[in-house]
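First the structure, in the form of structure tokens, and then the observations on it.
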Amino acid sequence: MLTVLTAAVSLAACGSLGGGTSEDEDDGDGVITFWHYYGDAHGVPLQAMLDKYSDESGVEVEARFIPFDDFNRTLQQAAAAGTLPDIALINAFDTTQMAEAGIIEDLTPYAEEWGEQDAYYETGWESGQVDGATYAIPHLADVYALYYNEDVLAEADVEVPETWDELEAAATKITQSDAAPNGLAMSGIEGAEGATGVLLRTLAAGGDLADFGGEAGVAALESMQRMTESGGLSEGFLTWNEDDAMAAFTNGEAGMAINSASAINVIRESAPDLAWSVAPLPEDVTEATFLSAENLTIGAGSGDADAAWDLIEWMQQPSELEEYLPARNKLPARDDVPGAVTDPERATFADQLVNAWAPNGDMAARSNEALTLVQQALQSVISGAASPTDAAADTQAAIDEAMGS
């Protein structure tokens, strides 16, 4: 993808504002174009927020939904054609890639005049920084924690695990005691999503994607191998996405599940009688979780950059986030929005934001590729094709090669 993005640099940069709040008036048409990938119910709260802004400001906001799988490619094509939107809501970890390709504006002058940087959780704010400049403003956040079925844990006579060793033991005991068919449910599907559980275990062991071939990555793969061999983690998880994992949990087929805060409303709507709660992810060497985030950016050469910034600034007001985020079923990217954390379960997730890890720099640009390689390592270990040590080493070599390219 870097090659395609880089090809767009010269075309996108031709109309670039140079990232400043210049004294020159915008030459746009007064309509703010806003591209996003929120389909189905996720787009409803966003559209309500944009409509509210239009009602209050009198400025028309023209929103366009583009499926996630097509989103970056559509931005690249728009950059080449000189038709980028005023605002693009992007995956936070694509920010570096988009900035280096000249697809999005340098927002440093706007951000410095605004002065709200210190209100944001550090990891999230850093996702919008490229070479010391601000190219994106965090829109919202999400992290992972441990869901557990209170009745299943009670039947299996296990406590809520606080360490990964305890999690493995609990998952095994749940299955062996017939309290639930699966002790733990999580995604292991092909692609980046299926690497989340392994990454979380690696982070807890003190590692990350950059050194997956070390002791932490090996420990993560060994953990997954032990749980599948004991039955605590069904081999079927290699075909599950995160929705599948939560379906198993809400159906009572799993005693525990690793998932993000996005699943809270799903459980409440689909299983209102389920006795469940949430705990922080187990720890090992350290306590850590994985940040999932999205950023607001301004398209390079936007003719309505000042108006676009006004909308971004308005959307990030705590009073607006307190109304929007519960409906969107996400967490605030800033720490001064207590009204968006409306219940104990959501508070548990919000408390984890200070321990959230996210890829940055060159790793951010290659994170999907690196995570896909980690999932392939997981698959090879579970299938018996490779040992955890060999799989971790091979994955590290592939990650290094990807980063070098």
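The values are calculated or read from the model by the stated rules, or taken from the named source; none is laboratory data. Since the structure is predicted, the reported quantities are computational estimates derived from the model, not experimental observations. Cβ coordinates were reconstructed from backbone atoms using ideal geometry, including for glycine residues, and neighbour counts include every protein chain displayed. For accessibility, only protein heavy atoms count, side chains too; no ligands or nucleic acids. Shrake-Rupley method; radii C 1.70, N 1.55, O 1.52, S 1.80 Å.
State yes or no: is residue 391 in a loop (DSSP other than H, G, I, E, B) and of a type outside the set (Lys, Arg)? In short, no.
Taking the condition touching a strand residue (DSSP E or B) at 6+ places or on another chain (Cβ under 7 Å) and either assigned to a loop (DSSP other than H, G, I, E, B) or charged (D, E, K, R) (or both), does residue 322 pass?
no
The residue pairs whose first member lies in region 227-239 and is aromatic (Phe, Trp, Tyr), whose second member is open to solvent by 30 Å² or more (accessible area, probe 1.4 Å) and in a helix (DSSP H, G or I), and whose beta carbons are closer than 9 Å, counting only pairs six or more residues apart or on different chains, are 237/244.
Is it the case, given these coordinates, that residue 48 is small (Gly, Ala, Ser), at pLDDT below 50 and surrounded by 13 or more Cβ atoms within 10 Å (Cβ to Cβ)? Criteria not met by residue 48.
Table: residues versus (1) in contact with a Ser or Thr (Cβ under 8 Å, 6 or more places away or on another chain); (2) open to solvent by 10 Å² or more (accessible area, probe 1.4 Å); (3) among the charged types (D, E, K, R); (4) touching a residue at least 12 places away in the same chain (Cβ under 8 Å).
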site	(1), (2), (3), (4)
325	no, no, no, yes
331	no, no, no, yes
336	no, yes, yes, yes
340	no, no, no, yes
346	no, no, yes, yes
354	no, yes, no, yes
365	yes, yes, no, yes
369	no, yes, yes, yes
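Given the condition assigned to a loop (DSSP other than H, G, I, E, B), at pLDDT 95 or above and open to solvent by 20 Å² or more (accessible area, probe 1.4 Å), answer yes or no: does some residue in region 87-105 qualify? Checked against the condition, which is being assigned to a loop (DSSP other than H, G, I, E, B), at pLDDT 95 or above and open to solvent by 20 Å² or more (accessible area, probe 1.4 Å), region 87-105 yields no hits at all. So in region 292-319, with the set limited to residues that are in a helix (DSSP H, G or I) and open to solvent by 20 Å² or more (accessible area, probe 1.4 Å), which one is farthest from residue 112 (Cα to Cα)? In this case the residue turns out to be 319.
For (1) modelled with pLDDT of 95 or more; (2) among the polar types (S, T, N, Q); (3) open to solvent by 10 Å² or more (accessible area, probe 1.4 Å); (4) over 30 Å from residue 103 (Cα atoms), each residue gets a yes or a no:
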residue	(1), (2), (3), (4)
156	yes, no, no, yes
174	yes, no, no, yes
196	yes, yes, yes, no
214	yes, no, yes, yes
223	yes, yes, no, yes
231	yes, no, yes, yes
236	no, no, yes, yes
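Considering region 130-148, the residues that are open to solvent by 10 Å² or more (accessible area, probe 1.4 Å) and in contact (Cβ under 8 Å) with a residue 60 or more places away in the chain include one that is farthest from residue 181 (Cα to Cα), namely 133.
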